[in-house]
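K.L.:
My structure is below; once you've seen it, I'll send some questions.
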Amino acid sequence: MSQILDKLLGVLQSKLPETKGVGLSDLRAEAAHIPAGFTRVSFQWSGVLAAIGHILRFRVGAQKMGQILLAFALTIFFWTGLIYTVNAPHDGEIKLVLNFVFPLYQIAAVFAVTSLGILKRFTSVCSVLWAMVWVILSLGVLGSSSLPIDFLRAIAIEAACIMAGLFIAASFLEWIEDGRHA
Amino acid sequence: MTRIRRPSAATLKILTCLAGSPGGLHGYALMKDAGLASGTLYPILGRLANRGWLDKAWETGDDETGPPRRIYKLTDLGRGQLKHYIQDTPRPAHTQIISVAQ
């Protein structure tokens, strides 16, 4: 295992620009002096993860990596939510609401990769709309209907908060790029 | 003019450990003393060496087994920077660091 990690560190070292060296040659030399076993493997493994992080930062860029990771998280959220909804023994109305809510996160994932500006507009509109839905439901206007009001309120406030969080994330990712050029 | 930001907590830990070891430290010993992962430690060591805050030399002792390894020592510039950065840090959290740096 240790030899495999050392070879991997060698490969990663060759991928990093000389000027952006993260001390991989020093790390490899030091690893040879650490007793073999878990200690050495964890020492090397930490170096491998750091090197991968640096390679992605230098080659892909911090902003793009942030966008990809955000889209990845949203896609997982969408698919797990969808699979749960399909298999859950909920009634039709709840399934209908969930089937409407989850695709919004997948749309946000697409915007996260393609355009942070559009993602900001999309999430701000969604956040405001969901907040309005929550307010309307809280007023008790639909109190006499057979709709699952408590469930809808929970979904509305959750979606509003998640969309607000995504807006902040998109603003932060834009700021990373602005800061780089400042 | 190059602007140097205030060092991170991890950087201060490394500088403090090195300040307390005039003979220098190997990467693994430094990692244990500072309580940092190797993936965090080595990039910081590289940056500090580039700034001239520490010297890194290959250790070539006769009794050493295996390939040569780096030994890291704080330079006068690094010691001065450490003093500078901890002077405005609230006591008593860094009292020990200040005494080590001095």
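The values are calculated or read from the model by the stated rules, or taken from the named source; none is laboratory data. Just so it is clear, the structure is predicted and the values come from calculations on it, not from any experiment. Using ideal geometry, Cβ is built from the backbone for each residue, glycine included, and neighbour counts are taken over all protein chains shown. Ligands, DNA and RNA are stripped out before the accessible areas are found, and what is left, the full protein with its side chains, is counted by its heavy atoms. Shrake-Rupley method; radii C 1.70, N 1.55, O 1.52, S 1.80 Å.
K.L.:
Under a 1.4 Å probe, what is the accessible area of the protein assembly as shown per residue, stated in Å²?
P.N.:
Details: 16210 Å² over 284 residues.
Accessible surface, normalised per residue, equals 57 Å².
K.L.:
Go through segment B:6-70 and name the chymotrypsin sites (Phe, Trp or Tyr not before Pro) that are in a DSSP coil and have 13 or fewer other Cβ atoms within 10 Å of their Cβ. Write down the numbers at each step before the final one.
P.N.:
Working: sites: B:Tyr28, B:Trp53, B:Trp58; in loops: B:Trp53.
Of the chymotrypsin sites (Phe, Trp or Tyr not before Pro), not one in the loops of segment B:6-70 has a Cβ with at most 13 other Cβ atoms within 10 Å.
K.L.:
Given N residues in segment A:42-121, what is Rg(Cα) / (2.2 N^0.38 Å)? Walk me through the numbers before you get to the answer.
P.N.:
Numbers: Rg = 17.4 Å, N = 80, 2.2 N^0.38 = 11.6 Å.
Dividing the Cα Rg of segment A:42-121 by 2.2 N^0.38 Å gives 1.49.
K.L.:
Tell me whether segment A:53-182 comes out rounded, prolate or oblate; compute the Cα gyration tensor, take square roots of the eigenvalues as a ≥ b ≥ c, and use a/c under 1.5 as the rounded threshold.
P.N.:
It comes out oblate by the Cα gyration axes.
K.L.:
Give, ordered by residue number, each residue of segment A:43-71 whose 1.4 Å probe accessible area is reduced by a minimum of 40 Å² on adding the remaining protein chains to the chain alone.
P.N.:
The answer is A:Phe43, A:Ser46 - residues whose exposure falls by at least 40 Å² when every protein chain is included.
K.L.:
If one takes the longest principal axis of the Cα atoms in chain A, at what angle in degrees, from 0 to 90 and to the nearest 10, does the Cα axis of helix A:149-181 lie?
P.N.:
With both axes taken from Cα atoms, the answer is about 40 degrees.
K.L.:
Starting from the coordinates of the alpha-carbon atoms of the protein assembly as shown, obtain the Kirkwood hydrodynamic radius over all distinct pairs and give the value in Å to one decimal.
P.N.:
Values: mean 1/r = 0.0434 Å⁻¹.
The Cα-based Kirkwood calculation yields 23.0 Å.
K.L.:
For the pairing of chain A with chain B, what total accessible surface becomes buried, with a 1.4 angstrom probe, in square angstrom to the nearest 100? Provide the component values of the computation, followed by the final result.
P.N.:
Values: alone 11070 and 6470 Å², together 16210 Å².
Buried area between the two chains comes out at roughly 1300 Å².
K.L.:
Per the 1.4 Å probe, what fraction of the accessible area of chain A, in percent, lies on carbon and sulfur atoms?
P.N.:
Working: 7240 of 10360 Å².
Answer for chain A: carbon and sulfur cover 70 percent of the accessible area.
K.L.:
With a/c under 1.5 counting as rounded, go ahead and sort segment A:1-99 into rounded, prolate or oblate using the C-alpha gyration tensor (a ≥ b ≥ c being the square roots of the eigenvalues; past the cut-off, prolate if a/b is larger than b/c, else oblate). The partial results should precede the final answer.
P.N.:
On the way: a/c = 5.47, a/b = 2.25, b/c = 2.43.
Since a/c reaches 1.5 but b/c is at least a/b, the shape of segment A:1-99 is classed as oblate.
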